[in-house]
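So the structure is just underneath, and the comments pick up after that.
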Amino acid sequence: MIIRTAVQRPVAILMLFAGLVLIGLQARQRLAVDLLPSINYPNLTVITNYSDTPADDLTRLVTQPLEEVITGLAGVRRVVSRTREGVSTITVQYEWGTGMDFANLHLREAIDRVAYRDDFPEAADRPLILRWDPSARPIAILVLHGDDPMAEMTEFAREVVKPALEQINGVSQAEVIGGAEREILVRPDFELLRLYGLTMNDLAEALRVANISFPGGRIRKGPLHLPLRILGEFENLDEIRATEIPAAGPGITIGDVAQVLDTTKEPEGFTLTGDEEVVSLHLYKEVGENTIAATNEVDKILGILSDQYAELSYSFIYRDADFVQESFKGLQDSLLYGAGLAFLVLFFFLMDWRSPLVVGLAIPVSIVTTFAFLYFAGVSLNLMSLGGLSLAAGMLVDNSIVVLENINRHLKERKAGGLSIGETCARATQEVASPVVAATLTTVAVFFPVIYVPGVAGEFFRDQALTVTISLLVSILAALLLQPMLSAHILKTPADRPGLIFRPVDAGFRYVIRHYHTLLVRVLDHKLAFFGLLAVAMVIAATAGLGLRVGFMPERTRGDFTLGIELPAGTPLEATLELAGDLSALVAPMPEVETVYAQVGITEKTLASLKDYSAANTARVRVMLRPSRQGRQDMERVKSVLNKRLDETDGVIFVFREEGVGLREILASGEAAFTLGVVAERGDEALQVVEDLVPRLREIPGLEDVEMDRVLGNPTVEVTVNRERALRFGLEPDALAIELRNRIQGTVATTYNEIEQRIDIAVRLRRDERYDLPTVLASPVAVGQGKTVPLGTFVVLTEGRPVREIVRRDQRRQITVSGDVNHRGVAEVWPEVNRMLANLATPEGVAFVTGGEQEEISNSFRDLGWALMLSALLVYMILAAQFESFLDPLIISAVLPVGVAGAAVTLFLTGQTLNIISLIGLIALLGIAVNDAIVKVATIRRLRAGGMGGREAILAAGELRCRPILMTTVTTVRAMVPMAMGLGMGEQMQRPLAITIIGGLSIATFLTLFLTPAVYEMLHRRTDREY
């Protein structure tokens, strides 16, 4: 009825689809665009600052009490803490699906119960809870260039560029990295300090009490009540010099005993491009915001700043938006090329220009309409959803092909004076409507369970599954409503013979169908031989499938990487800078390299810096390669150059980490592909096991860049104040300790205000005086009655190596061993690792936990495996309901193992790994591969219902449905060929999916033409008396 109404009311149908297309075009403009789906990780981070507290003390006083109450909260899956000097970071990982608003509330209540206890340190800050992951990565790195002094460039970045960029909707933070910070330095003359009997703290206190500004209440002036401010801040350097020092007596000023200089702070780190020092900004995106839109706004703001400040010069080290646009262009090109190839296939298969035009409208109408539903479903345009559209492009026309081929056949058989073209189109559509709906629902059924897969795999593929589901459901409307209406007004009764240019094609079809008929008869007469050959082929395919390497994500060829360097403990910053500069200058001129960006020492001071340890002896060198199809080979060449140079450096520890769309970006976990945790109650036991294990792991083939957490920090000189001796001389031990610190490190006394800018005023000795500990200890300390005693009299020196960082997993100490896996699959490496662990002698209580890619492979494959089983069950249930039979769905499902075998062989021959992308391709194959068998079985059933015998119906159905089966398969395969070639960056991720479907569908279709009839006849002869 609906189909007949659609043919009879063409204007209404046209307006319906025109409206959907208009809404879809409007929605396309509003869809968020991003690199990957927005994954809401169920993580909360608790950060507690407790300045100058060693890591082991901070763990005992803060981290452990917080962990005890957090672990017992509902929904908590794992608690991982990382404690360094002065800061405790606890990452609380919840079960997927947990309501994070309530989880945040319950976590705050639990933490406050600890924070307000009497035994919680009063000097510690209140614990802060953030919905922020310490592994968040910047979406862009901006570098400022210029000839101005570094301090001025840094000030410009902080005061002008940073505020302007952070006002952009979508940019959460613009962090200034590197550069130089201005400082007012009071540099005492040590001999004059001794002459006047002054300490460093005396100078700092004099500056502090003289630099005042605070409210003084309110006063009445006439009828008004006005606020009173008491001002006494320094306005210039001369006022600082003229400040009297009360401890020295009247008339003695700062200028009498010290120099006052406007200078820059001693650097803790540097940023370089090549070997040039620069100031950079790391731009972080707000969760769920549009990467491209945010980057466009950044460009717009920088353009405005360039107009206002002519001297502003900048460049980008990298931008995610460029990669997103490049990836989108590749996938969009695949979509267009695939649609064009499908149209050409239709043109030659249907042998006239009208029919491809009618079918070709189904692709744009379905895709544009899909945009509207994606918008309302909250799905963004990303690599996964766009890959879903590319996947659906070939399948979208399948329904239309089946309908149109049946319409053409009925038009050829239409007798003059019989039914009108409109009635013929409606009747032909109704004839195949049932198998068309069933075929589409089976494909929808295999994708729908993916939406409900828990964990990162479900979150990652939700957009793709929704996109395919929506587009295919829309294609049903296009095939059953739009298609017959257009056919009734565009198609004409076909001629008895095709046009001249199509006659060779028609002759070829007739030849194929004729030989197919002959082969089908032979197969039906020799079923056992056919099944035997098929069993042998399945065994071969199974062998190939077992030989597939297993990975979490497809291998990439972009080639960008980061080199992490750690020099021997105690190496000065200048030596680290020299090495990083040499390495940058070494590879920057190479033709494969586009940019080299290095961070030396401590360059980041925000929460983002918690993810990596940084010190004066560490550096990170990021190498950006020029886009190339040989990205991996280019990367290996650059790595070999760096390896050679680093091997010549004594004591350096270095690791390479690939950048791009991989595990770290998807999971936001910061973990390497191989991660092994060694857990123990006592940290020294875990450290002993790890030190014994790491050299053995480095011998395993394919396991590269193996490193361990550096638990112990740099060697230190520890000073203990002799309290008894200090008190005997009338000195306070804490005053002695503060004076020693001030003489070596200096102190920030107060601030100097200049045009809304607060600049630190530091009191610090000359560098050569501060760094010479014997000289500092020999310096005098006043003990009363005009007498002085060397400072070293009151202290005892020892050497130590404090704990640098304490990592705990579920309240137990953990040391992590990490590395990358190359030239082998992660699943191939782990069996060797497990055998090694089984033979390793370990103390009682030491355990090993897997992480990184292996953990996600196990979880994701398990979840997707359940989805695969559920999909197969749903396919059977839909077919059973469609055919009102328990037997025919089994006949149709017989092609599924063949399709999976074909996919495995294709993946093996193309050198692909079995990963979650190819696994999604297998799930998709379940729904696609049965479509042809559905059409064939439905035709056999219809012909038998019309009075034909079993064998006669099978042969007739073979002739009737051979052409549409070949058409649907070839259009789907052709549409996926550009994606399978993986020409663009985004297509490389989708390539295993396309290869899986192409190989599985091609082989399944070829065998469907023979397997389905053979199985049908074999089973129905035994169960159907009327066969």
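Computed from the coordinates by the stated procedures, all read-outs in this text should not be read as laboratory data. Note that the coordinates shown come from a computational prediction; the quantities given were computed from them, not determined experimentally. Because the Cβ atoms are built from the backbone with ideal geometry, glycine has one as well, and the counts that use them run over all protein chains shown.
The table below lists the values:
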read-out	value
Residue-by-residue Karplus 3J(HN,Hα) for the range 635-644, coefficients 6.51, -1.76, 1.60, Hz, glycine and proline x	4, 5, 5, 5, 4, 5, 5, 5, 4, 4
Charge context of residue 932, other residues only, Cβ under 14 angstrom, K/R +1, D/E -1	+1
Qualifying lysines (Cα of each under 26 Å from Cα of residue 412; at least 8 residues distant if same chain)	492, 936
Dipole-positive endmost among 628, 643, 655 within the range 620-660 (Cβ charges, Cα centre)	628
Computed helical MRE - 222 nm, the chain, DSSP H runs ≥ 4 contributing -39500 (n - 2.57), nearest 500	-17500 deg cm²/dmol
Charged-residue dipole, Cβ positions (Lys, Arg, Asp, Glu), the chain about Cα centre, Debye nearest 20	5900 debye
Built amide H within the under 5 Å cut-off of residue 751, gap 5+	761
Length added when fully stretched, residue 309-residue 354, from 0.36 nm per residue minus Cα-Cα	10.1 nm
For the range 794-800, 3J(HN,Hα) per residue [Karplus equation, 6.51 cos²θ - 1.76 cosθ + 1.60, θ = phi - 60°, Hz, x = Gly/Pro]	9, 10, 10, 9, 9, 10, x
Furthest towards positive pole of dipole, 593, 271, 972, structure part the chain, Cβ charges	972
Relative contact order of the range 43-130, defined on C-alpha pairs under 8 angstrom at six or more residues apart (%)	43 percent
Relative contact order %, the range 873-969, counting alpha carbon pairs below 8 Å whose residues are six or more apart	24 percent
Positive-end residue, the chain charge dipole about Cα centroid, Cβ charges, pick of 878, 98, 161	878
Listed values [x] 41.6; [y] 33.7; [z] 39.8, entry calculated as Kirkwood radius over Cα pairs in Å	[y]
Net length gained if the chain between residue 945 and residue 626 were fully extended (0.36 nm per residue, minus Cα distance)	108.4 nm
Antiparallel bridges, percent of DSSP beta bridges restricted to the range 1-93 (to nearest 5)	100 percent
Exposed-loop-free span, longest in the chain, where GluC sites (Glu not before Pro) count as exposed if DSSP calls them loop and at most 16 other C-beta atoms lie within 10 Å	312-647
Virtual spin-label span in nm between residue 128 and residue 518, 7 Å along Cα→Cβ	8.1 nm
In nm, spacing of pseudo-spin labels at residue 822 and residue 768 (7 Å Cα→C-beta vector)	4.7 nm
Gyration tensor verdict on the range 43-130 (Cα atoms; rounded if a/c is under 1.5, prolate if a/b is larger than b/c, oblate otherwise)	prolate
Calculated FRET efficiency for the pair residue 787/residue 276, C-beta based, R₀ 51 Å, to 0.05	0.40
Beta bridges by DSSP in the chain, antiparallel share as percent, to the nearest 5	95 percent
Contact order normalised by residue count of the chain, Cα under 8 Å, 6+ apart, percent	17 percent
Principal axis dimensions, the range 891-1004 - Cα atoms, whole angstrom, descending	55, 22, 19
Centre separation in Å (Cα based) which lies between the range 736-796 and the range 285-333	48 Å
In the range 57-142, chymotrypsin sites (Phe, Trp or Tyr not before Pro) in a DSSP loop with at most 13 other beta-carbon atoms within 10 Å	116
Theoretical gain in end-to-end length, residue 263 to residue 728 [0.36 nm per residue, Cα-Cα removed]	163.3 nm
Per-residue HN-Hα couplings for the range 866-872 [Karplus 6.51, -1.76, 1.60; θ = phi - 60°; Hz; x = Gly/Pro]	5, 4, 4, 5, 5, 5, 4
Whole-Å distance, taken between Cα centres, linking the range 994-1027 and the range 70-135	57 Å
Theoretical FRET efficiency, 1/(1+(r/R0)^6), r = Cβ-Cβ of residue 30 and residue 796, R0 60 Å, to 0.05	0.30
